[in-house]
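**Q** Structure incoming, see below.
The values are calculated or read from the model by the stated rules, or taken from the named source; none is laboratory data. Values in this document were obtained by computation on a predicted structure and should not be read as measured data. Here the Cβ positions follow ideal geometry from the backbone for every residue, glycine too, while neighbour counts run over all protein chains shown. Heads up: the accessible areas ignore ligands, DNA and RNA and are worked out on the full protein's heavy atoms, side chains in. Shrake-Rupley method; radii C 1.70, N 1.55, O 1.52, S 1.80 Å.
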Amino acid sequence: MQKVVVQILRAPIGGIRKHVFDILESLSTKDVQQVFITNTSDTDAKLPTYANLKIYNIAINDKPELKDLLNLIKAYKILKQYNVTAIHGHGAKGGIYARALSFLLRSKCIYTPHGGSLHRVYGKLKNKIYDLIEFCLVPFTDVYLFESKYSCNEFTKNICDPKGKSIVNYNGVDIPEKKALKIYRAGEILNIASFGLLRELKGHDIAIRACAMLAHGKIPFEYTIYGRGEEKDALLTLIKELGLANSVFIKDYAVNVLDEMLKYDFVIHPSRFESFGYVPAEAMSLGIPVISSAEGGLKEVVDEECGYVAKINEPETYFLILKKLYEGDPDLNRKIDRASSKVATRFSKSTMLKKIAEIYSI
């Protein structure tokens, strides 16, 4: 009998979208029927198409609401026609749906918390509601699949220790053959980029303010932000207020992120919250130096041996790092080499996907 694997995700955007799309692609070559339940109207990339993949649109929202009960009934009717082997829920809402449906269908349940509920960003009341729900759903979860040790530790601290159910399986990236051809030399214009959703959590405003300090110090630079999101207008206003319209730019989401990264000397990632950090890992795989905050799972990806860490996530910290690079850092080449090696040994996509297939028992 053909096995059926289900992915449930509120909305395919950002790093969580990449994680799920990588899984869908890896299973596309296997004798597995795939089912993907998500809000297809809320995405930042084209949905994949594979012969063994069925995608169902359900308008899942981030806030708890009575509509969730109707959505669960709809999802149950969809999945009842399949002999479901495993259901993998992603993020807080996807996880709730996955646990409820796996209980009703008597299938294996895997849950990856991802970001929101781990970072305590919903406000005190909403956090307490999610914490209570998460605690009540522990008995209905077969495997907690965490993206980083940080995620695992945060869940254990805030919810409980799901003893014997936790697996840390780092997110993975492709190890590309192409590498950055140019290494920055002191005194050149600093050509910097960021990649990520235009949200307050991503900290683009911090990097913009650091750029204002570069301008004040007459250090030449260009900074480009790639992404979409609700903070775009606020960021554009900030750029204008700081007089940076000729040196700081916002571009739309990049379809081929790696190709765009290769145009820059440095990738800066000033995120206020992160459960893993796909962007730094991708840049490191290309041999592009990374300047990153030390928030959440980022400190497991970028350290002082393989990049530049803003231990205090404030504009002045990034300014001082960029100023040091402009003046010349003798450790730059060594950090680039160690970064490439770290990604290849710890954050390989093939390693990540092999472990997930084992967990699915396929």
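**Q** Take region 217-239 and flag every residue that is over 24 Å from I13 (Cα atoms), β-branched (V, I, T) and in contact with a helix residue (DSSP H, G or I) (Cβ under 9 Å, 6 or more places away or on another chain). Before the answer, list the steps.
**A** Pass one, region 217-239, residues over 24 Å from I13 (Cα atoms): 217-222, 237-239.
Checking which are β-branched (V, I, T) leaves us with 219, 237, 239.
The answer is I219, I239.
**Q** Could I ask something else about it? Give me the helices (runs of 4 or more DSSP H) completely within region 288-362, filtered to those with at least 1 residues that are among the aromatic types (F, W, Y) and touching a residue at least 24 places away in the same chain (Cβ under 8 Å), ordered by residue number. Full working, then the answer.
**A** Working: elements: 298-301, 315-327, 332-346, 349-360.
In region 288-362, the matching helices (runs of 4 or more DSSP H) lie at 315-327, 349-360.
**Q** Please go through region 286-295 and give me each residue that is open to solvent by 10 Å² or more (accessible area, probe 1.4 Å) and touching a Gly at 6+ places or on another chain (Cβ under 9 Å), ordered by number.
**A** If we filter region 286-295 for residues that are open to solvent by 10 Å² or more (accessible area, probe 1.4 Å), which is where we start, we get 287, 289, 294-295.
P289, E295, listed by residue number.
**Q** A follow-up question, please. Only one of (1) under 24 Å from I16 (Cα atoms); (2) among the small types (G, A, S); (3) open to solvent by less than 70 Å² (accessible area, probe 1.4 Å) fails for S350. Which number is that?
**A** (3) is the only condition that S350 fails.
**Q** Can you tell me which residue among A310, A283, A254 is open to solvent by less than 30 Å² (accessible area, probe 1.4 Å), at pLDDT below 95 and of a type in the set (A, V, I, L, M)? Working first, answer last.
**A** Numbers: A310 fails: at pLDDT below 95; A283 fails: at pLDDT below 95.
Result: A254 is the single residue among A310, A283, A254 that is open to solvent by less than 30 Å² (accessible area, probe 1.4 Å), at pLDDT below 95 and of a type in the set (A, V, I, L, M).
**Q** Restricting attention to region 1-52, which residues are among the aromatic types (F, W, Y) and open to solvent by 10 Å² or more (accessible area, probe 1.4 Å)?
**A** Once the filter is applied, which keeps residues that are among the aromatic types (F, W, Y) and open to solvent by 10 Å² or more (accessible area, probe 1.4 Å), region 1-52 yields F21, Y50.
**Q** In region 61-93, what count of residues is obtained for those that are buried (at least 21 other Cβ atoms within 10 Å of the Cβ) and modelled with pLDDT under 95?
**A** Total meeting the criteria: 3.
**Q** Let me ask something else. Show the residue pairs that are 6+ apart or on different chains and have beta-carbon atoms under 9 Å apart, the first residue being within region 161-182 and under 29 Å from C109 (Cβ atoms), the second being assigned to a loop (DSSP other than H, G, I, E, B) and open to solvent by 30 Å² or more (accessible area, probe 1.4 Å).
**A** K165/D142
**Q** May I pose another question? Determine whether region 316-328 contains at least one residue that is surrounded by fewer than 16 Cβ atoms within 10 Å (Cβ to Cβ) and under 23 Å from the mean Cα position of the chain (by Cα).
**A** No: region 316-328 contains no residue that is surrounded by fewer than 16 Cβ atoms within 10 Å (Cβ to Cβ) and under 23 Å from the mean Cα position of the chain (by Cα).
**Q** Still on this structure: Specify the residue that is modelled with the lowest pLDDT; the eligible residues are those in region 116-135 that are part of a loop (DSSP other than H, G, I, E, B) and not hydroxyl-bearing (S, T, Y).
**A** Keep residues of region 116-135 that are part of a loop (DSSP other than H, G, I, E, B), which gives 116-123.
From what's left, not hydroxyl-bearing (S, T, Y): 116, 118-121, 123.
Values: G116: 56, L118: 65, H119: 59, R120: 60, V121: 60, G123: 69.
In this case the residue turns out to be G116.
**Q** Restricting the search to region 218-248, which residues are of a type in the set (K, R), under 17 Å from F195 (Cα atoms) and surrounded by fewer than 13 Cβ atoms within 10 Å (Cβ to Cβ)?
**A** Start the filter on region 218-248 by keeping residues that are of a type in the set (K, R), which leaves 218, 228, 232, 240.
When the remaining residues are screened for being under 17 Å from F195 (Cα atoms), the result is 228, 232.
None - no residue of region 218-248 is of a type in the set (K, R), under 17 Å from F195 (Cα atoms) and surrounded by fewer than 13 Cβ atoms within 10 Å (Cβ to Cβ), so the list stays empty.
**Q** Continuing with this model, one more query. I'd like to know if region 236-248 contains one or more residues that are touching a Leu at 6+ places or on another chain (Cβ under 9 Å), touching a residue at least 60 places away in the same chain (Cβ under 8 Å) and outside any helix (DSSP H, G or I).
**A** So far as region 236-248 goes, no, none of its residues is touching a Leu at 6+ places or on another chain (Cβ under 9 Å), touching a residue at least 60 places away in the same chain (Cβ under 8 Å) and outside any helix (DSSP H, G or I).
**Q** Here's another thing I want to ask about it. Might you let me know whether region 164-183 holds any residue that is part of a loop (DSSP other than H, G, I, E, B), among the aliphatic types (A, V, I, L, M), touching a Phe, Trp or Tyr at 6+ places or on another chain (Cβ under 7 Å) and surrounded by fewer than 21 Cβ atoms within 10 Å (Cβ to Cβ)? Outline the logic, then answer.
**A** Narrowing region 164-183 to residues part of a loop (DSSP other than H, G, I, E, B): 164-165, 169-172, 174-183.
Now narrow it down to the ones that are among the aliphatic types (A, V, I, L, M): 175, 180-181, 183.
If we keep only those that are touching a Phe, Trp or Tyr at 6+ places or on another chain (Cβ under 7 Å) as well, we get none.
Checked region 164-183: no residue is part of a loop (DSSP other than H, G, I, E, B), among the aliphatic types (A, V, I, L, M), touching a Phe, Trp or Tyr at 6+ places or on another chain (Cβ under 7 Å) and surrounded by fewer than 21 Cβ atoms within 10 Å (Cβ to Cβ).
**Q** Which ones in region 147-184 are at pLDDT 95 or above, among the aromatic types (F, W, Y) and under 25 Å from G14 (Cβ atoms)?
**A** Y170
**Q** Determine, yes or no, whether I192 is touching a Ser or Thr at 6+ places or on another chain (Cβ under 8 Å) and either charged (D, E, K, R) or closer than 30 Å to G328 by Cβ (or both).
**A** Numbers: touching a Ser or Thr at 6+ places or on another chain (Cβ under 8 Å): yes; either charged (D, E, K, R) or closer than 30 Å to G328 by Cβ (or both): yes.
Criteria met by I192.
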